[in-house]
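Reviewing the structure listed below.
The values are calculated or read from the model by the stated rules, or taken from the named source; none is laboratory data. None of the values given here were measured: they were computed from a predicted structure. Cβ placement follows ideal geometry from the backbone for every residue including glycine, while neighbour counts extend to all protein chains displayed. The area values use the complete protein model at the heavy-atom level, side chains included, leaving out ligands, DNA and RNA. Shrake-Rupley method; radii C 1.70, N 1.55, O 1.52, S 1.80 Å.
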Amino acid sequence: MSGRRALDSGLRLEIDRIACDAYGTCAELLPEGIDLDEWGYPIVAPGNVPLHLVDHAKRAVDACPVLAMRLVRAEASASVPIPPPAPVLAVRPDRTEGTPPWPPRPQSRAPKRSPEDRRRR
Amino acid sequence: MTARLLDGPAPSAGAESLGDHRARLGDLPGRTERSHLIPLLDSAGLLGRGGAGFPVGRKWGSVAGRAKGDAVVLANGAEGEPLSHKDRVLMASRPHLVIDGLELAAEAVGARRAVLYVGSEHAQARAALERALAERDANRSRTLPRIPVSVATPPVSYVAGEESAAVHFVNAGDPRPTTVPPRPFEKGVGGKPTLVQNVESLAHAALIARFGDAWYREAGQAATKGTALVTVTGGTRPGVLEIELGTTIGEVAQWAGVVAGEGSPVLLGGYFGGLVAGADAWGLPLDPAVLRGHGTAFGAGVVAFMGDETCGVTTTARIMDYMAGSSAAQCGPCVFGLRSVADASARVATGQPRQDDLARLRGWSQSIAGRGACRLPDGATGLLASSLRVYEADWASHQHHRRCSVRRGAARAAS
Amino acid sequence: MFDQTLWFVARGSGIVSLLMVTASVCFGLLTVARFWHESWPRFFNLEMHRRISLLAIVFNVVHITTAVLDPFAKLGWSSALVPFISAYRPIPVAMGVVSMYLFIALVITGLLRSRMPQGLWRAIHWTSYAMWPLALAHSFLSGSDAGSLWMLAIGGVSLGAVGACLLFRIAVWDQNRGRLDDAVLTSSWEDVTRRGRGR
């Protein structure tokens, strides 16, 4: 898919995994960056939120019924010394292999997302 | 094998008394020397021994930088990894070394309070530490400022040893991980900056304070310097061993009396770790930096020889079941993901696989990690991924032919 | 003619307020119950719940102001702010006053949710189970419309809507969080090996 390269907003999505209760609102409002796994929990695309999607990201954060999502400055967390990850044996993308990263800014109207959702209850 | 932490009487002799400890190691250094302890730890290059391997000096520095004399130091002796025994052995036989490290850390970061966090089932370790604290109260030396040291005993569980879980238990009696940020070094016990440090790391720090960074760096055969405790199983001499970092797996196998053929699978790091196998594997040095370069890790120093006679698929399935049951039940991807992994791998191991079980296991080994509040799902799926790689042929045989190549017969539940 | 205008506006805005608060409660229940469908997206319930609540403020303000200013009802500002001191139908008016205060608390804590302890937010949100019945009772007992058919119809629909949503919410009580503990406790190894040996 060709498009103008998406500008980096310097913000990234952070999820409180304990508070998250698989409501799935975030994936509805930001399908470009959030998918739901087979149990209804979010898989977030790696990296920062592109600039053209920040408003949608804010809306997705706002729409979580349990306030489990936040938008944080990417640099802020880099300054905090984080222990290196435990045995790095599995690749740790936040998204399943094969799913595309954040899409570039569309030239024209993006196609509607097809309603493939299975009912998860 | 080099003995430093375990120098002196054998661990089987029980806890070393305060008198013997002081006679053997001498006094702690004076105040001026102690004020340089954090840079000394940095130059020694001491890495944490709890599993993450984070530089100890840097960790102490980040707490010291935030504390205003009100920090807390927590010695992590929870040891929830079933294959690891080194912390227990260290606490039970060298309690004064651990408490030395605790008090030095408290002084260095400006702490007013210390906690010894010991798994409730580690009775010997706990008794040794409590007796040691009583001995020190009775024979209070003037060297270090006195701070209250309490003992916290969480139920032994895999997640209880996690940093935020330790803090949560001390704060609220709940040994389950919490969401970070804020991390313990920012806001921990009682909302104060808290240093959570493995007991072995504290013991090393106590020796470095006495003997210096150059002394510490004399040991070590590869890039990483110093010694470390490892728990070895699978041979005729299982137990806790102190090795120079960089000692190869093959050398450890010799010491432990391992009869399995060279190149047979070895589990490094514990249930949280990964498998290595093959002709070159036993030549790998047990060095955190080198192992990371090979896609595996030193972790909590577990070296478990799996042997040629055990079915790797069955062992992996059992471990996955254990990990799934250890979940704190707080995060969906961990609970449902690990349960799915455990169910599928149990079916494959016992010869009753569903058609897509193996394919889905491969998928789950990648998709669950990083989506929980703690690193339990990462560790479990990391082990799964390495098992799928090392025992690839066995997994395929179980899945597609329902045959176990080890037992040379139909795959079924072991009685 | 003008004298009656205020009273009409007070009654009308009161009824609209009731309908809005009813709708807000329904959408709130559907949010927690995770009701969604292909044509009823997940974000819809929470967004409608919030927006209708905010809009209801406007109609509430109009209702209270016109009711207080209306010469016929002889309510002063104090009657609208302190329960039970009204000369006109003290108990029904008090119900409205209490309901008003609960509504204010709900709106304020709703807007400031991300800045407050979640336990407190939840405790205050539970008072909506008191706020709505009080609002409904206030509508029927303090106004002069209670007997008319259309008012009864409105009351019936409100009661029915909230009742249906509440039943649905109770029916799906044990959502994800309850399932987490159950999932952890089962041991697949024992089940599978038991089944295997039984073959």
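Points to keep in mind about this one:
- Residue count for region B:179-202, restricted to those that are of a type in the set (Ser, Thr, Tyr) and within 23 Å of residue B:371 (Cβ to Cβ): 1
- Of all residues in region A:13-41, those satisfying the criterion of being more than 8 Å from the chain's Cα centre (by Cα) and in a strand (DSSP E or B) are A:14, A:15, A:36.
- Selection status of residue C:121, part of a helix (DSSP H, G or I) and under 14 Å from the mean Cα position of the chain (by Cα): no
- Residue check for residue C:66: part of a helix (DSSP H, G or I), open to solvent by less than 30 Å² (accessible area, probe 1.4 Å) and under 19 Å from residue A:59 (Cβ atoms): no
- Selection over region B:1-36 of residues that are small (Gly, Ala, Ser), more than 30 Å from residue B:248 (Cβ to Cβ) and either open to solvent by 30 Å² or more (accessible area, probe 1.4 Å) or touching a helix residue (DSSP H, G or I) at 6+ places or on another chain (Cβ under 6 Å) (or both) gives a count of 6.
- The condition of being touching a residue at least 60 places away in the same chain (Cβ under 8 Å), buried (at least 17 other Cβ atoms within 10 Å of the Cβ) and more than 30 Å from residue B:32 (Cα to Cα) does not hold for residue B:202.
- Within region A:22-54, the set of residues being within 18 Å of residue C:32 (Cβ to Cβ), within 13 Å of chain B (Cβ to nearest Cβ) and open to solvent by 20 Å² or more (accessible area, probe 1.4 Å) comprises A:23 only.
- The number of residues in region B:308-327 being at the interface with another protein chain (Cβ under 9 Å from one of its Cβ atoms), among the hydrophobic types (A, V, I, L, M, F, W, C) and under 20 Å from residue B:80 (Cβ atoms) comes to 2.
- Highlighted here are the helices (runs of 4 or more DSSP H) found entirely within region B:22-91 that include at least 2 residues which are in contact (Cβ under 8 Å) with a residue 24 or more places away in the chain and under 17 Å from residue B:102 (Cβ atoms): B:37-44, B:56-66.
- Looking across B:373, B:380, B:411, one residue alone is of a type outside the set (Ser, Thr, Tyr), touching a Cys at 6+ places or on another chain (Cβ under 6 Å) and under 30 Å from residue B:183 (Cα atoms). It is B:373.
- Within region B:168-198, considering residues that are of a type in the set (S, T, N, Q) and surrounded by 18 or more Cβ atoms within 10 Å (Cβ to Cβ), the one farthest from the other protein chains (Cβ to nearest Cβ): B:194
- In region C:31-46, of all residues being more than 12 Å from residue A:25 (Cβ to Cβ), in contact (Cβ under 8 Å) with a residue 60 or more places away in the chain and open to solvent by 20 Å² or more (accessible area, probe 1.4 Å), the one that is farthest from the other protein chains (Cβ to nearest Cβ) corresponds to C:35.
- Qualifying residue in region C:163-180 (condition: part of a helix (DSSP H, G or I), within 21 Å of the chain's Cα centre (by Cα), over 25 Å from residue A:22 (Cα atoms) and modelled with pLDDT of 90 or more): yes
- Segments classed as helices (runs of 4 or more DSSP H), wholly inside region B:285-371, with at least 3 members that are open to solvent by less than 30 Å² (accessible area, probe 1.4 Å): B:312-325, B:332-349, B:357-367
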